[in-house]
Structure formats: structure tokens, C-alpha cells
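Presented below is the structure to which this report refers.
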Amino acid sequence: MIAPLEGIHLARPLARASHWLVQGVASIADPVCPGCGVDRSVRPARILLHGQVPIRLADLPHKGLPVRIQLCRQRYHCTNCGKTWITPTPGLEDGLRITRRLAEYVRRQIRTRTYSEVAVECGIDPKTVRKLSGD
């Protein structure tokens, strides 16, 4: 079983030929507008649901195969100030479409293995491994 991620509800993983695929939904209790600070719990509601944005993330390998999370992030619109934003999702590495735990795993693995070996095991591009190494 894939370990849970903070702020993301994960479904049961599906085995594919080359990787595991997991459906996920980012969760947030009551969003606050980053533009004006209004809270969705305030009535009348000034924060509206404004569609969803799907992204695909890489996560820790599971049983020898890379893991991909198909994540739906909720989009919001504030009628108070007009700002539109996407659910902030904790547990993701800044600027990359990978989880923080995968980033930490990669940083540990590159101490003793080549970038290419780690990239193949995790199903990510060697350039991503290089970015994580700081080179």
C-alpha cells in the first residue's frame, strides 16, 4: 500500500506494466483568499469553486516500480476581490512535480548511486535528479 500524503486523499493504487497509478484529491478545509483574506466559511460565501486542475506527480517507488499520482487540485474564485487560485498542496517539492518524500529519497540515493540509476528507479528524468542534487 502507498503511504498516505499530508493534504491528499489517495485511492487504491492500480498496477500498470511500467508503474503504479494512484488517483488523488487535494483537500483543504476552508480556503482563505490569498488576495483579500476572506474566509470561505463566512456567509454569504464569497469564495466559489472554480473547476479542478489535474496534475501528475512522481512519488516513492513501490514494489520496484515508479509511482505516479494523478492529482486533482481544486481551483477557487473570490467574488470579493476577483482573485483565482489553486489549492495549496503540502508535501510537494517546490518547483517540481514530485513529492517531498521522493525528493528526500533521491537526495539520499545519489550519495551512493548514479543519477541515471536513481532516475530509472523513480521514473523521473535525470535532469530532475541533477536539480535535486544541487549541481
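Using the number of other C-beta atoms within 10 angstrom as an exposure proxy, rank L65, L14, L102 with the fewest first. Working shown, then result.
Details: L65 16, L14 12, L102 24.
Exposure proxy ranking, most exposed first: L14, L65, L102.
Can you give the net charge of the other residues whose Cβ lies under 13 Å from the Cβ of G95, counting K and R as +1 and D and E as -1?
Values: positive: R97, R100, K127, K131; negative: E93, D94.
So the environment of G95 carries a net charge of +2.
Please list, in order, the residues from segment 21-46 whose amide nitrogen is less than 14 Å from a point placed 7 Å along the Cα→Cβ vector of N80.
30-46
Treat the count of other C-beta atoms within 10 Å as a stand-in for reagent exposure and order L57, L48 from fewest to most. Write down the numbers at each step before the final one.
Details: L57 22, L48 12.
Least to most surrounded, the residues fall as L48, L57.
Taking just the C-alpha trace of segment 8-133, give me its Rg and Dmax in Å.
Calculated on Cα positions, Rg and Dmax stand at 17.6, 57 Å.
Taking the C-alpha atoms of segment 1-47, how large are the radius of gyration and the largest Cα-Cα span, Dmax, in Å?
16.5, 49
Counting only helical runs of four or more DSSP H residues, what would the 222 nm mean residue ellipticity of the chain come to if each run contributes -39,500 (n - 2.57) and the total is spread over all its residues? Show your work: numbers first, answer last.
Values: 3 runs with 26 residues, N = 135.
Calculated from helices alone, the mean residue ellipticity at 222 nm is -5500 deg cm²/dmol.
How would V67, V38 line up from fewest to most surrounding beta-carbon atoms within 10 angstrom? Don't jump to the answer; show the numbers that get you there.
Numbers: V67 21, V38 18.
Ranking V67, V38 by Cβ neighbours within 10 Å, fewest first, gives V38, V67.
Would you mind working out the magnitude of the charge dipole of segment 8-133 relative to its Cα centre, with +1 at each Lys and Arg C-beta and -1 at each Asp and Glu C-beta, to the nearest 20 Debye?
Values: 21 positive and 9 negative charges, 23 e Å.
That gives segment 8-133 a dipole magnitude of about 120 debye.
At a 4.7 angstrom Cβ threshold, list every cysteine in the chain that has nobody to pair with, or say none.
C72, C122
Bear in mind these aren't lab numbers, they're just calculated from the coordinates by the rules spelled out. As the structure is a prediction and not an experimental result, all values here were calculated from the model. All Cβ positions, glycine included, derive from the backbone under ideal geometry; neighbour counts span all protein chains shown.
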